[in-house]
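Notes follow the structure.
The values are calculated or read from the model by the stated rules, or taken from the named source; none is laboratory data. Bear in mind the structure is a predicted one, so any value in this text is a computation, not a measurement. In this analysis, Cβ positions are derived from the backbone assuming ideal geometry, glycine residues included, and neighbour counts consider all displayed protein chains.
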């Protein structure tokens, strides 16, 4: 998936956004300046012979919390999980960063992905999305015969 394009809308702008981009550009694509803290999960995407695999770290989530949609060759992974409110009064929150877990990440898929051959599995906080390549797009070995 060498031509994967990620799309991450950020409705709230921060003064650190330009800094994160500058540092990320300086250190290269592999530098994760703040992906884990910017409200969206970090992902790894790899290409294999017959399919692509996208893995996203989602600690604290379950398969029921995650939505995956495909529309016009855009794969979107999202969640808006809200912590249940307890009826007991346990004090006043001074800092609360774990209550709401909302994210949305979108990826432009290559044309060789079979949209019917996409499946997802969730285990131990790791979401794995397998996207099969169309049979005609898979690599083939051609035998050369003697003339």
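A few points about this structure:
- If only residues of region 110-130 that are farther than 14 Å from residue 65 by Cα and within 13 Å of the chain's Cα centre (by Cα) are counted, the one that is surrounded by the fewest Cβ atoms within 10 Å (Cβ to Cβ) is 128.
- In region 71-101, the residue that is modelled with the highest pLDDT out of those that are closer than 23 Å to residue 130 by Cα and surrounded by fewer than 11 Cβ atoms within 10 Å (Cβ to Cβ) is 71.
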